[in-house]
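Some notes on the structure that comes next.
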Amino acid sequence: MNILFVADPLEAFKIYKDTTFSMMREAQRRGHRIAACGPQDLVWQSGDMVKAAVREITLTGELDAWFRETASPIKALKDYDAVVMRKDPPFDSEYFYATHLLEHAEREGARVFNKPAALRDHPEKLAIMEFAQFTSPTLVTRDADAVRAFHDVHKDIILKPLDGMGGTGIFRVKADGLNLGSIVETLNKHGAQTIMVQRFVPEIVQGDKRILVIGGKPVPFSLARIPQGTEVRGNLAVGGKGVAQPLTARDFEIAHALGPVLAARGLLLVGLDVIGDWLTEINVTSPTCFQEITDQAGFDVPAMFIDALEAAIAA
């Protein structure tokens, strides 16, 4: 199989934890050929197909010079058996445009994972609205008065921007309401931007669990990202500690309910964020934690992913 990964620059990979690298390593171990490009390398011209300036690579097994570039052709995306979209957030206008180029490549015969239209249709914070039976009380609004009314009811709340990543822009406001007005003004830009507000889930002290769902089936271990010190956020990007642990009965309930639905829409890989018993986000752009779960729990997540990718191509 010939696989193209659309990703961030290879030189920026931290291979000791990078999920895309772990996918590449498992694919090469099985004898598949791998190549990489960035969204900026995608190009379409009328009368031609969607193409990309790609980097055909071989992994060396070394820590520093971890790949060797063997060729740098310009190739049509449909010439690959699979195109794996692994560009990290933010989901900005350039990411949006890339999904349209990838979708046109699909019309030409390319097989893209996750499906570009599904990436657009499942914004990572708003996608939970479809599965509200699994979420804690949540409000999506621009209205500062609505936020204050929500706080009056729930007392202890979390506020966050819809386009945040890695824990950026997340605030907690307790029962005293300290700085609520200022925080809302900061996040909603005086009513110009929509924000999300959720009832605080105290089980965050036990971790913000990342549950991976591959081909509609859950990986049996999550990575609980546990806040450190006085921090309320468990995100690894802000210093959270990642601890692999078996899924709970509730974790399985959520994953089994969402997994087949999302897989049927072309989402081969999904990361569900669960705090306590509550679903908080559905990550579809570039879910991570493969290496942490594999290293700590001994469950081979990259192998499960490549199994699912091979099965999807064969179907």
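Quick one: would you say Lys155 is closer than 30 Å to Phe96 by Cα and not acidic (Asp, Glu)?
Taking the combined requirement at face value, the residue does not satisfy it.
Let's see how each residue does on (1) of a type outside the set (Lys, Arg); (2) touching a residue at least 40 places away in the same chain (Cβ under 8 Å); (3) buried (at least 22 other Cβ atoms within 10 Å of the Cβ); (4) touching a His at 6+ places or on another chain (Cβ under 7 Å):
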position	(1), (2), (3), (4)
Asn179	yes, no, no, no
Lys189	no, no, no, no
Gln206	yes, yes, no, no
Arg210	no, yes, yes, no
Gly215	yes, yes, no, no
Phe221	yes, yes, yes, no
Gln228	yes, no, no, no
Ala237	yes, yes, no, no
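Condition first: out of contact with any strand residue (DSSP E or B) (no Cβ under 7 Å at 6 or more places or on another chain) and in a loop (DSSP other than H, G, I, E, B). Now tell me which residues in the stretch 12-33 satisfy that.
Passing the criteria: Phe13, Lys14, Ile15, Tyr16, Lys17, Asp18, Arg30, Gly31.
Those residues that are among the acidic types (Asp, Glu) and either over 27 Å from the mean Cα position of the chain (by Cα) or at pLDDT 95 or above (or both), I need them from the stretch 61-78; list them, please.
The answer is Glu62, Glu69.
List pairs: first residue in the stretch 245-272 and at positive phi, second residue surrounded by 14 or more Cβ atoms within 10 Å (Cβ to Cβ) and not acidic (Asp, Glu) anywhere in the structure, Cβ distance under 9 angstrom, at least six positions apart or on different chains.
Gly266/Val112; Gly266/Phe113; Gly266/Asn114; Gly266/Lys115; Gly266/Pro116; Gly266/Ala117; Gly266/Ala118; Gly266/Leu119
What number of residues within the stretch 76-103 satisfy the criterion of being in contact (Cβ under 8 Å) with a residue 40 or more places away in the chain and closer than 23 Å to His32 by Cα?
Of the residues in the stretch 76-103, 11 are in contact (Cβ under 8 Å) with a residue 40 or more places away in the chain and closer than 23 Å to His32 by Cα.
Name the one entry in Val50, Val54 that is under 14 Å from Ala7 (Cβ atoms), in contact (Cβ under 8 Å) with a residue 12 or more places away in the chain and among the hydrophobic types (A, V, I, L, M, F, W, C).
Val54
How many residues, within the stretch 205-216, are more than 21 Å from Asp295 (Cβ to Cβ) and at pLDDT 95 or above?
Looking only at that region, the number is 2.
Enumerate the strands (runs of 3 or more DSSP E) found wholly within the stretch 73-168, keeping only those where 3 or more residues are surrounded by 16 or more Cβ atoms within 10 Å (Cβ to Cβ).
82-85, 138-141, 157-161
Scan Ile293, Ile282 and give me the residue that is closer than 21 Å to Asp121 by Cα, touching a Leu at 6+ places or on another chain (Cβ under 9 Å), of a type in the set (Val, Ile, Thr) and not assigned by TED's automatic domain parsing to the domain that holds His32.
Of Ile293, Ile282, the one residue that is closer than 21 Å to Asp121 by Cα, touching a Leu at 6+ places or on another chain (Cβ under 9 Å), of a type in the set (Val, Ile, Thr) and not assigned by TED's automatic domain parsing to the domain that holds His32 is Ile282.
The values are calculated or read from the model by the stated rules, or taken from the named source; none is laboratory data. Just so it is clear, the model here is predicted, and its values are computed rather than measured. As a convention, Cβ positions derive from the backbone with ideal geometry for all residues, glycine included, and neighbour counts pool all protein chains shown.
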